[in-house]
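Novice: Following this message is one structure expressed as structure tokens.
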Amino acid sequence: MNQLRITRSLFEHIRKDLARPHKVAVERVGFMYARTVSTARGSLLLAFDYLPVKDEDYLPDPYVGAKFGSAAIRSAMQRALTLKAACLHVHMHPALYPASFSSTDIDSNRKLTPSFMALVPKEPHGAVVWAGATFCGTLWQSGIDVTTAIDRMVVVGYPLTFMRNPNDPE
């Protein structure tokens with residue numbers, strides 16, 4: 001089982017940033033950084049930092065909610081390397097439906113994540129999407145050909161919040 005923990009202040013900061021409108025993008029994206037602790041049951045990711053994609057790095061594309069250029073990827077990769085941290089691509093979907101990755105999300109994450117794995121191979125890297133009180137998350141790890149889900153997400157602080165993964169069978 002993989003669990004993501006994030007402080008309430010960092011969580012609110014990220015959600016506020018992702019909710020801002022943009023002139024060419026329908027949704028905003030960013031990169032969240034975490035330290036990983038291996039447990040007998042899986043990985044515990046402790047989120048501690050966030051890097052938003054700069055306004056000027058978004059590219060117009062009517063076929064996707066947000067598209068960003070190589071400068072945003074280089075910045076995110078440099079921060080992952082400097083911090084020697086796990087990097088999670090994050091964005092939000094409307095709260096009308098439970099969180100899930102779109103086919104575009106899945107394809108983009110498959111292309112983007114190996115670059116982070118090459119830079120910081122000891123950490124898992126992946127993606128998280130939030131929608132209302134639900135989330136969906138995926139991790140890739142070096143040497144493992146299969147992705148694993150982030151099963152639980154806990155927002156630490158008052159009030160303590162357990163976010164629901166709609167794909168979790170429990």
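Derivation of every value follows stated rules applied to the coordinates shown; laboratory data play no part. The structure presented is a predicted model; accordingly, all values stated were derived computationally and were not measured. We place every Cβ from the backbone using ideal geometry, glycine too, and count neighbours over all the protein chains shown.
Novice: Here are some values of Kirkwood radius over Cα pairs in Å: [x] 18.3; [y] 17.3; [z] 16.0. Which one was computed from this structure?
Specialist: So the calculated entry is the one marked [z].
Novice: Let me ask something else about it. Take a quick pass over the chain and tell me how many lysine pairs come in under 26 angstrom between Cα atoms, counting only ones 8 or more apart or on separate chains.
Specialist: Final tally of qualifying lysine pairs is 14.
Novice: For a footprinting-style exposure proxy, rank Ile6, Ile144 by other Cβ within 10 Å, fewest first.
Specialist: So the residues, fewest neighbours to most, are Ile144, Ile6.
Novice: Mean-square fluctuation check for the chain, GNM, Cα pairs under 10 Å: which of Leu119, Leu45, Leu88 is largest?
Specialist: Its mean-square fluctuation being the largest, the pick is Leu119.
Novice: Under 13 Å from the Cβ of Arg20, count the other residues' Cβ atoms, weight Lys and Arg +1, Asp and Glu -1, and hand me the total.
Specialist: +2
Novice: Neighbour counts of other C-beta atoms within 10 Å: give me Glu12, Glu27 arranged from fewest to most.
Specialist: Glu12, Glu27
Novice: Between Tyr33, Tyr63, Tyr97, where does the largest GNM mean-square fluctuation fall for the chain, given springs only between Cα atoms within less than 10 Å?
Specialist: Ranking Tyr33, Tyr63, Tyr97 by mean-square fluctuation puts Tyr63 first.
Novice: If contacts are Cα pairs under 8 angstrom and at least 6 residues apart, what is the relative contact order of the chain in percent?
Specialist: 24
Novice: So which residue, out of His13, His93, His125, gets the largest mean-square fluctuation from a GNM of the chain using Cα contacts under 10 Å as springs?
Specialist: Top of the fluctuation ranking is His13.
Novice: Out of all DSSP beta bridges with both ends in the chain, state the antiparallel percent to the nearest 5.
Specialist: Once the DSSP bridges in the chain are tallied, antiparallel ones form about 65 percent.
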